[in-house]
Amino acid sequence: MTTAKKPSVSTTRVLEWVLDHAMILIIILLGIYTAIRTNGGFVKLPNIINLLKLTAARLPMALGVAGCIVLAGTDLSGGRMVGLAGFIAAIIIGAISGEAAPIIAILAVMAAGIAIGFINGFCMGKFKLHPFIVTLATQLMIYGLYLTVSNSKQIAVSSFANQPMFYISGQPVPWYVLLAIIITVVMWFVWNKTTFGKNMFAVGSNEEAARVSGVNVLFTIIFVFMLAGALYGYTGFIEACRIGNSSATLGLSYENDAISAVVIGGVSFVGGTGKISGVILGVFMMQLIMTAMTFLGISGGVAYIIKGAVILVACILDMRKYMTKK
Amino acid sequence: MKKLLALVLAMSMLLGAVALADGNALVSWYTFGDVYLTSVRTALDEAFAAKGITVTDKDSNAIQTTQTDDINTAVLIGTNALVINLVESGSISVAQSLLDVAKGANLPAVFFNRAVSQDDAEAKAMFEGYEKSAFIGTNFEEAGKMQGDMIGAYVLENYDAIDLNGDGVISYVMFKGDDANQEAIARTKYGVENADAVLTAAGKPALKFYDDNNANKYLVDLNGTWSNTASYEYMGTILSQYNESNGNMIELVIANNDDMAIGAINYLKTVGYNDGKGKTIPVFGVDAVDAAKAAIDAGEMAGTIKQDAVGMADAVATITANLIEGKDKFEGLNENYRVVDGWFVQIPYAMYTGE
């Protein structure tokens, strides 16, 4: 009997290993498949840099919303915040000339994001409202504010952020890639090396336990949302510069993409779990899939089905890990 | 005495309110977030103000139920006219239900910009069912056809310059705004078909979609918002594979609207094209928004199709005012607008390739 069981044990182990590393395996297989179908074009330097740029543009926002999800919450206000921040950045860059303009713009949009993040976090922490509702409400107000002040005007934007920082065999790598790396390092430090980071995970896994052990829960929640707001503001600046103008559709449904990417990366809605490396992986994977579909000529209805299926499968795989741990 | 005074005051306020409401129109918009519609809104507010009609602009935010609720509420409050930029474009049953609301309250119902049906006969039957109604729009297929004609002529004239790899065929990419929108579908179809007709008539091969694997022959904004973000990111992805060093550079960009055209141009700029001085890939849009006109004037963009926002607003305001005052529907209407079958006022498109 024991001899009969042995192979089944090792099969289970292999299966377990495959399921535990499913996301990475899917990324690799998809990469190989697309590369073969496109005569290697998918894994050549130009597309690698393209993927790097797309990931760098979307990563800061995902890092912001990831904190909210670690708190077992969410944040729907991000997309509209990006739109408003893009507009503010466009106005500032248009009004001030000189080297300092983009710096002032970044600081201004981050300040605006922090202010809105404070409102989000305060309402959630102080009045015990679910962040879904709070941010559903604030995103409407942010969009309303945007429409009121901008009258849906398009404004052209250009700044150093989108300019090439250096070239890799003729391929320009823009400055915002460096900024994304800096932000990621800072966020890694905040999550892993600060008391605030530890408190964030404590509040996310068990708010009451955290409170009893002396964590300032209200402050933690507010600070997580302020941090997220700052990153949305930054994303608005980058997106306006990257796309080249600010318009009403800027940022629309970015929050959905960011939340999807974060969840794909293993930050659980259960709260209290998540890693910066997971967020990076999730954003990268999302961009990889979207890019692969363009390469493979998949558009229209099928593209939505694939995107949805990836999110669902990722969540199932993630939940499976959580259940086995329990 | 005080009571009497209060009563008199209340009565006069009521009368005042009624007097004010004499020229009051609800304008229910598909979305405030659209650049072209915003230009119509600005023009329409002015056009109504010039006719002494007070306007309430409502944003449906692309949700049909919001629009329906707003219209029902406006009827209850006592508006004098319903001016409707239908959310569910192409859905005759939704349009009919809104028309019935107007009919029930004996109010003018003026639809504009977004078509009520793909089938003109169906739309005609609906509008003929109620005298105080009209549709002001464009022939929604005309923009795509005109864009295609413009592209055909432009490509023919500059064929060798556009054909970067000298293979005798022009490869293009098409950016579609929304998979479910009738105008987007028509523009995607005719933008290429009409261009091909011009080219083949002159003995040149038809345009070729850059990617043979893509049977749809377009790339669509998956959020359905016709956004420059979508076209910008697509451009980045496809140019990593299709470029001059690989000898298969995209030689022509066609977009359903100017926003997407500008997104494509902004990416092209990052890789050294379309800066108005050096190498330029011809990019075509539709709408003639300010940003596109500026890009065309700077030599970064090849052309666009002008939707006449001011003309649209003028026609809507004129017809609404006529209906409120009980005059003939089309009295005093600008002669450049075609009136089709007594219900449909067509605002013509125009090509824009710079001033």
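Rule-based calculations on the coordinates, nothing more; no lab input. Quick caveat, the model's predicted, so the values are computed rather than measured. Cβ placement follows ideal geometry from the backbone for every residue including glycine, while neighbour counts extend to all protein chains displayed.
Of note:
- Here the Gaussian network model covers chain B, with springs between Cα atoms less than 10 Å apart; of B:E335, B:E251, B:E300, B:E335 fluctuates the most.
- Shielding by partners, peptide A:245-257 (average Cβ within 10 angstrom, other chains): 5
- The dipole here belongs to region A:39-325: it is taken about the Cα centre, uses +1 on the Cβ of Lys and Arg and -1 on the Cβ of Asp and Glu, and is about 380 debye.
- When +1 charges are put on Lys and Arg Cβ atoms and -1 charges on Asp and Glu Cβ atoms, the dipole computed for the protein assembly as shown relative to its Cα centre reaches about 3240 debye.
- Region B:92-125 and region B:228-246 have their alpha-carbon centroids 42 Å apart.
- Gaussian network model of chain A, springs between alpha carbon atoms under 10 Å - residue of A:I106, A:I32, A:I311 with greatest fluctuation: A:I32
- Cα gyration tensor category, rounded, prolate or oblate, for region A:11-96 with a/c compared to 1.5: oblate
- Relative contact order %, chain B, counting alpha carbon pairs below 8 Å whose residues are six or more apart: 17 percent
- P(r) tail fraction, region B:36-88 - alpha-carbon pairs more than 14 Å apart, %: 57 percent
- Alpha-carbon centroid distance for the pair region A:205-275 / region A:104-155, whole angstrom: 13 Å
- In plain terms, the residue of A:D75, B:D149 with the fewest other Cβ atoms within 10 Å comes first and the most crowded comes last, giving B:D149, A:D75.
- Shielding of B:286-294 by partner chains, average beta-carbon count, 10 Å: 2
- Size estimate for chain B follows the Kirkwood approach: the inverse of mean 1/r over distinct Cα pairs works out to 21.9 Å.
- Summarised as an ellipsoid, the protein assembly as shown has semi-axes of 45, 36, 24 Å, derived from the eigenvalues of the Cα gyration tensor scaled by 5 and square-rooted, with the largest first.
- Counting Cα-Cα pairs of region A:163-242 in 10 Å increments starting at 0 gives whole-percent bin shares of 16, 36, 24, 16, 7, 1.
- Reachable lysines, given that their alpha-carbon falls under 30 Å from the alpha-carbon of B:K327 and they are not under 8 places away in the same chain: B:K51, B:K58, B:K103, B:K124, B:K132
- Divided by 2.2 N^0.38 Å, where N counts the residues, the Cα radius of gyration of region A:1-148 comes to 1.58.
- Helical contribution to [θ] at 222 nm, DSSP H n ≥ 4, -39,500 (n - 2.57), averaged over chain B, rounded to 500: -14500 deg cm²/dmol
- In summary, the convex hull built on the alpha carbon positions of region A:121-206 has an orientation-averaged projected area of 9.5 nm².
- Ordering A:S159, B:S97 by the number of other Cβ atoms within 10 Å of each residue's own Cβ, fewest first, gives B:S97, A:S159.
- Largest GNM mean-square fluctuation across B:D178, B:D196, B:D341, computed for chain B with C-alpha springs under 10 Å, falls on B:D341.
- Lys/Arg +1, Asp/Glu -1 at C-beta; chain B dipole; positive extreme among B:G78, B:I136, B:G303: B:G78
- Chain A: relative contact order in percent, alpha carbon pairs under 8 Å with at least 6 residues between: 31 percent
- Shielding by partners for peptide A:42-51, expressed as the average number of C-beta atoms from other protein chains within 10 Å of each residue's C-beta, is 4.
- Highest-first arrangement of A:9-17, B:217-225, where packing means the average Cβ count within 10 Å: B:217-225, A:9-17
- Across region A:109-120, computed HN-Hα scalar couplings (Karplus, 6.51 cos²θ - 1.76 cosθ + 1.60, θ = phi - 60°) run 5, 5, 5, 4, x, 4, 4, 5, x, 4, 4, 4 Hz from first to last residue, x flagging Gly and Pro.
- Lysine pairs within chain A, Cα separation less than 19 Å, 8 or more sequence positions apart or different chains: 6
- Under the Debye formula (equal points on every Cα, no solvent term), log10 I(q)/I(0) of region A:39-325 at q = 0.12, 0.16, 0.17 Å⁻¹: -0.76, -1.30, -1.43
- Quarter of Cα convex hull surface for region B:196-355, i.e. mean projection, nm²: 13.0 nm²
- Protection proxy ranking, highest mean first, for peptides B:348-355, A:44-51, B:31-38: B:31-38, A:44-51, B:348-355, where packing is the per-residue count of other beta-carbon atoms within 10 Å, averaged.
- Per-residue Cβ neighbour rank within 10 angstrom, fewest leading, A:T55, B:T73: B:T73, A:T55
- Here the extension length gained between A:K275 and A:I103 equals 59.0 nm, from 0.36 nm per residue of separation less the Cα-Cα distance.
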